[in-house]
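Heads up, the thing below is written out as structure tokens.
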Amino acid sequence: MTQNLPFDERLKSAVNEIRAFLRKDGGDLRIVKVTKTRVVIQFMGNCMHCHIKNVSLNTGIKAIFKKHLPEIKTVKEL
């Protein structure tokens, strides 16, 4: 289970899972800042101008981060 892994490894696992989803449509994300309870991301590629990026953030990306890093309370876009 990923919860037994160090924080950095769980973060990498979450980002890889999210990237696989975003890259299907030519997008990506960059981690801007991480604390033990907060992640700030920046959308890249096609995601930058996508009209449903907030839906992706609020329904998919936040859930993936929280699945891998339950201590994360906030995921925000830069």
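The values are calculated or read from the model by the stated rules, or taken from the named source; none is laboratory data. Please read these numbers as outputs of a predicted model, since none were measured by experiment. No Cβ is skipped: glycine too gets one built from the backbone with ideal geometry, and neighbour counts run over all protein chains shown.
Of all residues in region 31-69, which are of a type in the set (Lys, Arg) and out of contact with any helix residue (DSSP H, G or I) (no Cβ under 8 Å at 6 or more places or on another chain)? Please lay out each step first, then the result.
Of the residues in region 31-69, the ones of a type in the set (Lys, Arg) are 33, 36, 38, 53, 62, 66-67.
Within region 31-69, LYS33, ARG38, LYS62, LYS66 qualify.
Scan region 36-58 for residues that are at pLDDT below 95 and of a type in the set (S, T, N, Q) and jot them down.
ASN54, SER56, ASN58, listed by residue number.
List pairs: first residue in region 52-75 and within 16 Å of ARG30 (Cα to Cα), second residue of a type in the set (Asp, Glu) anywhere in the structure, Cβ distance under 8 angstrom, at least six positions apart or on different chains.
If the second residue must be of a type in the set (Asp, Glu), the pairs left are LYS53/GLU77; ASN54/GLU77; LEU57/GLU77; ILE64/GLU17.
Starting from residues that are in contact with a helix residue (DSSP H, G or I) (Cβ under 8 Å, 6 or more places away or on another chain) and in contact (Cβ under 8 Å) with a residue 40 or more places away in the chain, keep the ones in region 1-20 and report whichever is nearest to ILE52 (Cα to Cα).
ILE18
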